[in-house]
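Written out below as structure tokens is the structure these notes cover.
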Ligand code: SF4
Ligand code: FES
């Protein structure tokens with residue numbers, strides 16, 4: 001089948017603004033959009049710039065807007081989006097080159113959430129591990145699945161309006177630790193998220209939940225953090 005792909009192109013060394021270039025290629029409905037981009041880069045234009053690494057939905061590096069929706073190119077089949085495909089960079093982050101955006105602000109917000117296990121108490125007497133019930137583990141199971149692709153944050157209207165907002169992905173990261181019964185820094189993280197650019201900027205648009213390629217219920221997780229903040233109970 002013929003596939004028509006319109007790709008946003010921007011070279012910071014030569015362009016003052018971006019433009020769209022259309023490529024027509026032969027492909028298969030079972031090709032992934034990443035395969036299509038690889039083909040164009042390999043056979044038509046080696047200057048096409050985009051990120052990818054694992055090619056299997058694990059590393060989170062190939063988030064892009066495909067026909068107007070944030071998706072991972074490696075998890076999106078041509079048959080799911082049709083033979084006319086428009087590919088653009090995710091919104092709300094500075095474009096570095098073609099489909100590559102500057103992820104630094106995104107990861108700066110991630111780091112603000114203290115994204116690591118904090119527990120200064122002595123280990124249990126047997127010295128081996130901090131136990132947790134199956135029910136306690138289940139409370140944050142979903143948010144452990146985040147691959148930091150930024151599909152959620154860059155589909156959020158509040159983030160587009162104010163790039164200082166920590167954003168859904170950062171809150172998902174905080175959730176993973178706040179609701180871990182073994183961690184001792186929930187209050188500290190809740191204080192960080194109570195700041196002006198924290199959860200108060202979420203207006204429950206649900207774009208984040210729709211965009212998440214890991215099917216994490218992002219809006220629900222943000223709601224649980226808001227509730228913990230209001231009640232003081234984790
Ligand atoms: Fe990506 Fe989902 Fe994590 Fe957001 S919550 S960064 S959409 S995996
Ligand atoms: Fe790793 Fe798509 S290339 S998630």
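Quick note: the coordinates plus some simple rules give every number you see, no bench work behind them. It should be emphasised that the depicted structure is a prediction, and the values quoted were computed from it without experimental measurement. Methodologically, a virtual Cβ is constructed for each residue, glycine included, from the backbone with ideal geometry; neighbour enumeration extends over all protein chains shown.
Structure summary
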{"quantity": "Neighbour-count order for 137, 176, fewest beta carbons within 10 angstrom listed first", "calculated": "137, 176"}
{"quantity": "Exposure proxy ranking, count of Cβ atoms within 10 Å, fewest first, for 133, 144, 209", "calculated": "133, 144, 209"}
{"quantity": "Selected from 113, 64, 43 as most flexible by GNM, with the chain as the system and alpha-carbon contacts under 10 Å", "calculated": "43"}
{"quantity": "Residue 41 paired with residue 141, simple spin-label distance in nm, labels 7 Å along Cα-to-beta-carbon", "calculated": "3.6 nm"}
{"quantity": "Per-pair calculated FRET efficiency, R0 = 22 Å: residue 118 and residue 206 via Cβ, rounded to 0.05", "calculated": "0.10"}
{"quantity": "Mean ellipticity per residue at 222 nm, deg cm²/dmol - from DSSP H runs of n ≥ 4 across the chain, formula -39500 (n - 2.57)", "calculated": "-7500 deg cm²/dmol"}
{"quantity": "Helix 218-231 axis, angle to the chain major axis (alpha carbon atoms, nearest 10°)", "calculated": "30 degrees"}
{"quantity": "FRET efficiency, residue 181 to residue 22 (Cβ-Cβ, R0 45 Å, nearest 0.05)", "calculated": "0.25"}
{"quantity": "Cα centroid separation - region 173-226 against region 9-45, whole Å", "calculated": "35 Å"}
{"quantity": "Distribution of pairwise C-alpha distances over region 1-97, 10 Å bins, in %", "calculated": "16, 52, 29, 3"}
{"quantity": "Cα-based convex hull volume of the chain per residue, rounded to whole Å³", "calculated": "143 Å³"}
{"quantity": "Hull volume in cubic angstrom per residue (convex hull over the Cα atoms of region 72-142)", "calculated": "184 Å³"}
{"quantity": "Residue 2 versus residue 96: modelled label distance in nm, points set 7 Å from Cα along the beta carbon direction", "calculated": "3.6 nm"}
{"quantity": "Selected from 202, 146, 54 as most flexible by GNM, with the chain as the system and alpha-carbon contacts under 10 Å", "calculated": "54"}
